[in-house]
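The structure appears right after this line, and notes come after that.
Every number here is computed from the coordinates shown, using simple stated rules; none is lab data. In this text, all values refer to a predicted model and were calculated from it rather than measured experimentally. A quick note on method: Cβ atoms are made from the backbone with ideal geometry, for glycine too, and the neighbour counts reach across all protein chains shown.
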Amino acid sequence: MDEPKFIDIEGVEMVFHTRKGVFHALREIDLTVRKGEFITLIGHSGCGKSTLLNLIAGLLKPTDGVLLCANREIAGPSPERSVVFQNHSLLPWLTCYENIHLGVERVFGKTETRNQLRERTLQALALVGLTAAEGKRPHEISGGMKQRVGIARALAMEPKVLLMDEPFGALDALTRAHLQDELLKIVAATKSTVVMVTHDVDEAVLLSDRIVMMTNGPAATIGEIVDVRLDRPRDRVALAQDARYGEYRTAVLEFLYRKQAHPAKEAA
Amino acid sequence: MNAMLQPESAAPAAAPAPAPVRRPRRPLAANASTRARQQVSATAMKIVAPLLGAALLVLVWQIITINNSSFPTPLVTLQEAVKLFSDPFYSKSPNDQGIGWNVLASLQRVAVGFGLAALVGIPLGFVIGRVQFVGSMFGPIISLLKPVSPLAWLPIGLLVFKSANPAAIWSIFICSIWPMIINTAVGVQRVPQDYMNVARVLNLTEWKVLTKILLPSALPYILTGVRLSIGTAWLVIVAAEMLTGGVGIGFWVWDEWNNLNVPHIIIAIVAIGVVGLMLEQALMALARAFTYEQVSN
């Protein structure tokens, strides 16, 4: 955690020109992420948290401001900032193995032998516990397994930053908890820098070093940042008893439902 | 180069996943008699109804022939058909060949014209779908030429090739190419943005994007284009051959009309229908084999 400004976002503005007119999505975003830090972005729907993630990924270009990663401007998407998409986005005509291999081959294909590439792919599958699903196609496995393949694909490229867009959003609570625990273990082992979008308060507190809370759109910006000083490794059952866990949770809930109460979405 | 390193995941087309055909599950019938009754009605729908339709057609035909001596009865036509199909591959002279040769000659023209159209149309469709500028360039021209009857192009073919056979192939080429260009372009444009984002994040080469994402994703659309094309091509070849002459089922129909051999015309109509149906079914089976199940959460 020695590099204080591994990802550096300065004065970012994002304006979309749509058919319905101009939409000011993000304003005055300033954020730095340390190397090895786990950051979650949380906020109500439409607050532009996915937009911010896509900006870091390089899938979008900011209207104004700069984004740097390891002191270089983010000019476009790159395997060093790999993305786990919300809907996993596995290619349905490739097997789990081939889906992961596609990225591995692109990143390491020039420097490594075929056997090494195969080894990397199998390791990534083993990391998420899916060695048995190697030859299966995405429609043959469950939603949780697909999301794990998506994570394996992202991790297999040995990215500098792992970007996750509500990776567990579509999963049931038990599968989600299981994958969160796995993710904690993987991140501890790989010391990855992670930026994750979520709308789940417990998930944010459990996983993050810092929780970045965003104000409501349009023209959303960073409202507050909660520093989560809980010891790692974290255990969800033990944390449930921990007073500090409750405080962090309350702080996020306070922000989301008092300060940024979403009139239309309150019922949800 | 990359492809050679990785034979396991060669062309996705080489290892298609035949999508399992999902039938809506019938509610479990409580007693066996209901189930038996359902089965009987299903058989009735599948076999009895079509047979009844055919019988009705023959009956109407028979009634028409009672007061119309120039029109052959079903029985006469059937006898002629038996005679015709007992020796479909005779060849007495260039102008007197069996019906089998005529059908094959037509199929050959369709195959050549259609194959050339696929060779040009599918890559062109890819470029039009992928590069917006090229799409805007050719869009209006395609919209203008698409509704033109392929037979209107026949004189141009005769002028350029100075021969009937290439001119007929040329008509097939023209009529087959539009659906293939348009469907391929639409298929490429409709590749889900998610897949394209994957390609961008993985920073795939244009070749990998083509072979691993665009082609498999657009394949069902391309095959729809192919199916539409072959249907039109089979329609057009009969008309084109009537105009150009030579060996071929279209000219054969015209020749039999000049001989006033009406039973043969009716037989030819049925034969043309059967061949068209078989082409359509073959391509539908092909399309089914290459349709990937949409993956959802």
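For region A:18-126, the square roots of the Cα gyration tensor eigenvalues, ordered a ≥ b ≥ c, give a/c of at least 1.5 with a/b greater than b/c, which places it in the prolate category.
Here each label is just a point 7 Å from Cα along the line to Cβ, and for residue A:73 and residue A:136 those points are 4.6 nm apart.
Beta bridges per DSSP, both residues in the protein assembly as shown: antiparallel share near 55 percent. Judged by the mean number of other Cβ atoms found within 10 Å, the most tightly packed of the peptides A:219-232, A:29-42 leads the ranking A:29-42, A:219-232.
Each peptide in B:200-208, A:237-245, B:122-130 gets a packing score, the mean of other Cβ atoms within 10 Å over its residues, and the list from highest to lowest is B:122-130, B:200-208, A:237-245. Spatial offset of region A:115-130 relative to region B:59-108 amounts to 65 Å, using the alpha carbon center of each. Counting only DSSP beta bridges whose two residues both lie in chain A, roughly 50 percent are antiparallel.
Percent relative contact order of chain B, based on C-alpha pairs within less than 8 angstrom and at least six residues apart? Walk me through the numbers before you get to the answer.
Values: 301 pairs, mean separation 72.4, N = 297.
The normalised contact order for chain B reaches 24 percent.
Across region A:232-239, rounded Karplus estimates of 3J(HN,Hα) from the backbone phi angles (6.51 cos²θ - 1.76 cosθ + 1.60, θ = phi - 60°) give 10, x, 9, 10, 4, 6, 5, 5 Hz, Gly and Pro being marked x. Within region B:195-244, the percentage of alpha carbon pairs spaced more than 19 angstrom apart rounds to 51%. Take each residue of peptide A:104-110, count the partner chain Cβ atoms within 10 Å of its Cβ, and average: the result is 4.
What is the sum of charges, Lys and Arg at +1 and Asp and Glu at -1, for the other residues whose Cβ falls under 15 Å from the Cβ of residue B:224? Intermediate values should be presented prior to the final figure.
On the way: positive: B:190, B:227, B:288; negative: B:280.
My count for the surroundings of residue B:224 gives +2.
Given a Förster distance of 41 angstrom, what is the FRET efficiency for residue A:119 paired with residue A:258, based on the Cβ-Cβ distance and rounded to 0.05? Please report the intermediate quantities before stating the final value.
Working: r = 52 Å, r/R0 = 1.26.
My answer for the efficiency is 0.20.
Please give the net charge around residue A:111, taking every other residue with its beta carbon less than 14 angstrom from that of residue A:111, where Lys and Arg add +1 and Asp and Glu add -1. Write down the numbers at each step before the final one.
On the way: positive: A:106, A:110, A:114, A:120; negative: A:105, A:112, A:119, A:158.
So the environment of residue A:111 carries a net charge of 0.
Taking a span of 24 Å or more along the helix axis (Cα atoms) and a mean Kyte-Doolittle hydropathy of at least 1.6 as the rule, the DSSP H helices of chain B that qualify are B:49-66, B:262-289.
What is the local net charge at residue A:201, summed over the other residues whose Cβ is closer than 11 Å to its Cβ (Lys, Arg +1; Asp, Glu -1)? Walk me through the numbers before you get to the answer.
Working: positive: A:249; negative: A:200, A:202, A:203, A:254.
Around residue A:201, the charge tally is -3.
Counting only the Cα atoms, chain B fills a convex hull of 226 Å³ per residue.
Which whole number gives the average count of other chain Cβ atoms within 10 Å of the Cβ atoms across peptide A:92-99? Each step should come with its number before you reach the end.
Numbers: counts 11, 16, 8, 4, 0, 2, 6, 3.
Partner-chain Cβ atoms within 10 Å, mean over residues of A:92-99: 6.
Charge dipole of the protein assembly as shown (Cα centre as origin; +1 on each Lys and Arg Cβ, -1 on each Asp and Glu Cβ, all else neutral): 800 debye, rounded to the nearest 20. Take each residue of peptide A:75-84, count the partner chain Cβ atoms within 10 Å of its Cβ, and average: the result is 3.
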